[in-house]
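A.B. asks: Shown below is the structure under consideration.
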Ligand SMILES: Cc1ncc(C[n+]2csc(CCOP(=O)(O)OP(=O)(O)O)c2C)c(N)n1
């Protein structure tokens, strides 16, 4: 298989775009414009790499709420994620029906997900099953937090994918905390390799805060999945650089947890590596950052001015229209 | 062709599998065994293991994976071995299946059917006898359909499979082999959102669904010999209710008896009673009567206890007569 050159600039752009959008989201939350923010800050590294490695024409994803960078790399525009944040009528994910950060857009091959965690793992299996039945290429990526691995759907999905040999890339975004509950109070395993073994599927652990190493690790895994369709379980080690959400202050975190997380910021790590290996100049980085800041100012204004859903659409689309009650 | 209900359902599934390649069946033991009741007997041999799939023993997995495949263009028909075992999938049905179209503002849809045998009177004990429909009659976005006989079962199942909305299709186990009638051809499809007037009547109306429809028709025939005109309305669509037909039929008879095998409190027939009370209370000539199972957790196994549980249904004739004479 011929390898295309790695586009560091594109990955840097996506990383900065996601980070700066996240920062703007929090500002809008504090300003009272956005009722809810849940952040992917600290989870961006592997997501940025993964987005480059997928082919949106044939691949699908079933993401969860920390995947802003991933969906931005999979067709969602800066404008569309702001419309989602503000529950506007033209929000392509749900037309303002769902809470923000609940993704889903058929045109972009992004499955719709709900709030109860981990249900999307089974939906990913279903899409992979459909691809198999239809004789189509493509893999399905689905993500979940580490606390969510306790859910039954997590285990049913891994088992179904194993039994039916479905090309699903299951990714656990392990930030070592589930809302406020520390890892050791959530599960006793040191890592999730045991699940790979239990369900007889390949397992790999990657440093999800590092764009470059994530790219290399995921590239290998995805190439293998394309060559020989099969499920793979990846544990991406990441950090949660914010509280759980805007409805949480994170005050329960101890000193050690705080320091560990702050030392592993994916943006700083990528910047240092790009400069050290002379893959992107400081000037270029600054230029990218400025352009993105301007873009974000622009779409913030547009999204704030966009129309809210009309109240009289409340009863639309319960059933296929025209049939109805 | 005269068939019992399980064979009618079998034929309906077979015809639909032939008609549309996007349709596939998935469930526990539906492959080489052909299902706990034989609804899929021989279908895996005929269509292959890709189209008639034995699933691992996990209901959330069956429904959740089916939903994912429906989002990517397939039309799954799931079999839950017994309705009593649907609850591990409750979250997938309530949070995912029923809400998909609404929450995506019509971007995604879930064209899928979940079939499940329900009901007691077969000495199945607590967990092979339950009437679980009321739990699912509170989920806008989902349809709950219950056929009352072989012909309806086949013609309703086809519409359910062809619908672009999700349908929970509940089949009374006791109706599987006890009812036999001529069924329609491969293109006979009945609307899944309409109640069916099984018998016209002016003195009293029995509203029920599933197995009890045939029982109600027998009672109506018996009372006709006494000179009473008793109507029977089959709800068919447990959710959403076909309110227009219910109200018209009730007005025509003036007295209404509601019959269900589920526990009485919180039963779907209570919703029917509420609709009648709200809309046409003063057009009724007697209080609305509900006949349903006692409020005990489930159907016990011992024959004496099972009979005691189902005793209410044995009183249908006298209760109907009493209502007529009210
Ligand atoms: C079934 C369910 N139970 C509880 C919640 C509330 N809740 C939302 S996120 C969360 C913690 C999730 O932790 P984890 O899976 O580790 O993901 P993270 O947020 O750390 O990325 C909880 C308890 C929920 N959304 N769904």
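Nothing in this text is a laboratory measurement; each read-out follows from the coordinates by a stated rule. Source: prediction; values computed, not measured. As a convention, Cβ positions derive from the backbone with ideal geometry for all residues, glycine included, and neighbour counts pool all protein chains shown.
A.B. asks: Taking Cα atoms, how many degrees apart are the long axis of helix B:268-280 and the longest axis of chain B, rounded to 10 and kept between 0 and 90?
C.D. replies: It works out to around 50 degrees.
A.B. asks: Separate question: Quick one: angle between helix B:150-162 and the longest Cα principal axis of chain B, in degrees between 0 and 90, rounded to 10, please.
C.D. replies: Long axis of B:150-162 versus the principal axis of chain B: about 50 degrees.
A.B. asks: Something else: Where a ≥ b ≥ c are the square roots of the eigenvalues of the C-alpha gyration tensor, would you call the range B:164-254 rounded, which needs a/c under 1.5, or, failing that, prolate if a/b is larger than b/c, or oblate?
C.D. replies: Working: a/c = 2.09, a/b = 1.34, b/c = 1.56.
Since a/c reaches 1.5 but b/c is at least a/b, the shape of the range B:164-254 is classed as oblate.
A.B. asks: Over the C-alpha atoms of the range B:71-180, what are the Rg and the largest Cα-to-Cα span, Dmax, in Å?
C.D. replies: Rg then Dmax for the range B:71-180, in Å: 14.2, 45.
A.B. asks: How much FRET efficiency would the formula 1/(1 + (r/R0)^6) give for residue A:27 and residue A:277, where r is the Cβ-Cβ distance and R0 is 35 Å, rounded to 0.05?
C.D. replies: Details: r = 33 Å, r/R0 = 0.95.
Taking R0 as 35 Å, the efficiency between residue A:27 and residue A:277 is 0.60.
A.B. asks: What's the average, rounded to a whole number, of partner chain beta-carbon atoms within 10 Å of each residue's beta-carbon in B:47-53? Intermediate results must be reported in sequence, preceding the final value.
C.D. replies: Details: counts 0, 0, 0, 4, 1, 0, 3.
For peptide B:47-53, the averaged partner shielding equals 1.
A.B. asks: Could you order peptides A:121-130, A:231-240, B:97-106 by the average number of other Cβ atoms within 10 Å of their residues, highest first? Please report the intermediate quantities before stating the final value.
C.D. replies: Details: A:121-130: 30.5, A:231-240: 24.6, B:97-106: 22.7.
Taking the mean over residues of other Cβ atoms within 10 Å, the ranking is A:121-130, A:231-240, B:97-106.
A.B. asks: Using square roots of five times the C-alpha gyration tensor eigenvalues, list the equivalent-ellipsoid semi-axes of the range B:196-325 in whole Å, biggest first. Each step should come with its number before you reach the end.
C.D. replies: On the way: eigenvalues 106, 62, 32 Å².
Computed over the range B:196-325, the values are 23, 18, 13 Å.
A.B. asks: Using a 7 Å offset from Cα along Cα-Cβ at residue A:184, what residues in the range A:246-266 end up with backbone N under 19 Å from the label point?
C.D. replies: Residues passing the 19 Å test: A:252-261.
A.B. asks: If you look at just the Cα atoms of the range A:133-266, how large are its Rg and its Dmax in Å?
C.D. replies: 16.0, 52
A.B. asks: A further question follows. With each pseudo-label sitting 7 Å past Cα toward Cβ, what's the residue B:1-residue A:260 distance in nm, one decimal?
C.D. replies: So the label points at residue B:1 and residue A:260 sit 6.5 nm apart.
A.B. asks: Starting from the Cα coordinates of the range A:242-325, work out the convex hull volume and express it per residue in Å³. Don't skip to the answer; put the middle values down first.
C.D. replies: On the way: hull volume 19.3 nm³, N = 84.
Here the figure is 230 Å³ per residue.
A.B. asks: State the dimensionless ratio Rg/Rh of the range A:8-305 (Rg: radius of gyration of Cα atoms; Rh: Kirkwood radius).
C.D. replies: Numbers: Rg = 18.3 Å, Rh = 19.4 Å.
Reported Rg/Rh (Cα atoms, Kirkwood Rh): 0.95.
A.B. asks: Okay, next question. Which whole number in µm²/s is D for chain B by Stokes-Einstein, with the Kirkwood Rh taken over Cα pairs at 25 °C and 0.890 mPa s? Please list the in-between numbers first.
C.D. replies: Values: Rh = 20.0 Å.
Stokes-Einstein gives a translational diffusion coefficient of 123 µm²/s.
A.B. asks: Could you list A:146, A:67 so that the one with the fewest beta carbons within 10 Å of its beta carbon is first and the one with the most is last?
C.D. replies: A:146, A:67
A.B. asks: On to the next question. Per 0.36 nm of contour for each residue apart, how much would the distance between residue B:138 and residue B:244 grow if the chain were fully extended, relative to their Cα-Cα spacing?
C.D. replies: Numbers: separation 106, 0.36 × 106 = 38.16 nm, distance 1.90 nm.
Here the segment from residue B:138 to residue B:244 would lengthen by 36.3 nm.
A.B. asks: If you don't mind, another one. If you average the C-alpha positions of the range A:1-41 and of the range A:169-191 separately, how far apart do those two centres end up, in angstrom?
C.D. replies: Measuring centre to centre over Cα atoms gives 23 Å.
A.B. asks: Which FRET efficiency, nearest 0.05, do residue B:20 and residue A:314 yield, Cβ-Cβ r, R0 30 Å?
C.D. replies: Values: r = 34 Å, r/R0 = 1.12.
It comes out at approximately 0.35.
A.B. asks: Find how much the distance from residue A:204 to residue A:56 grows on full extension, using 0.36 nm per residue of separation minus their present alpha carbon separation; answer in nm with one decimal. Present the calculation step by step, with values, prior to reporting the outcome.
C.D. replies: Values: separation 148, 0.36 × 148 = 53.28 nm, distance 2.32 nm.
Gain in length upon complete extension: 51.0 nm.
A.B. asks: Can you give me the orientation-averaged projected area of the convex hull built on the Cα atoms of the range B:193-237, in nm²?
C.D. replies: Details: hull surface 10.6 nm².
Over all viewing directions, the range B:193-237 projects a mean Cα-hull area of 2.6 nm².
A.B. asks: Could I have the simple spin-label model distance between residue B:280 and residue A:216, label points 7 Å from Cα toward Cβ, reported in nm to one decimal?
C.D. replies: According to this spin-label approximation, the distance is 7.7 nm.
A.B. asks: If each of residue A:251 and residue B:229 carries a label point 7 Å out from its Cα toward its Cβ, how far apart are those two points in nm?
C.D. replies: Here the modelled spin labels are 7.4 nm apart.
A.B. asks: Continuing with this model, one more query. Got a sec? How would A:168, A:144 order by Cβ neighbour count within 10 Å, fewest to most? Mind dumping the intermediate values first?
C.D. replies: Numbers: A:168 35, A:144 26.
So the residues, fewest neighbours to most, are A:144, A:168.
A.B. asks: Angle, helix B:5-19 long axis vs. longest principal axis of chain B, Cα atoms, 0 to 90°, nearest 10?
C.D. replies: The helix B:5-19 is inclined about 40 degrees to chain B.
A.B. asks: Express in % the proportion of alpha carbon pairs of the protein assembly as shown at distances exceeding 33 Å. Can you show the working numbers first?
C.D. replies: Working: 110144 of 211575 pairs.
Cα-Cα pairs in the protein assembly as shown separated by more than 33 Å: 52 percent.
A.B. asks: Shifting gears a bit: For residue A:6 and residue A:191 in the same chain, what is the full-extension length gain: residue separation times 0.36 nm, less their Cα-Cα distance, in nm? The partial results should precede the final answer.
C.D. replies: Details: separation 185, 0.36 × 185 = 66.60 nm, distance 2.96 nm.
Residue separation times 0.36 nm, minus the Cα-Cα distance, leaves 63.6 nm.
A.B. asks: Quick one: order A:60, A:26 by neighbouring beta-carbon count within 10 Å, fewest to most. Intermediate results must be reported in sequence, preceding the final value.
C.D. replies: Details: A:60 27, A:26 15.
So the ranking, lowest neighbour count to highest, is A:26, A:60.
A.B. asks: For an R0 of 56 angstrom, estimate the FRET efficiency from the Cβ-Cβ distance between residue A:297 and residue A:134 and round to the nearest 0.05.
C.D. replies: Step by step, r from the Cβ atoms, then E = 0.80.
A.B. asks: Another question, if that's okay. In percent, how large is the relative contact order of chain B, given Cα pairs closer than 8 Å and 6 or more residues apart? Could the numbers behind the result be given before it?
C.D. replies: On the way: 716 pairs, mean separation 52.3, N = 326.
Relative contact order here is 16 percent.
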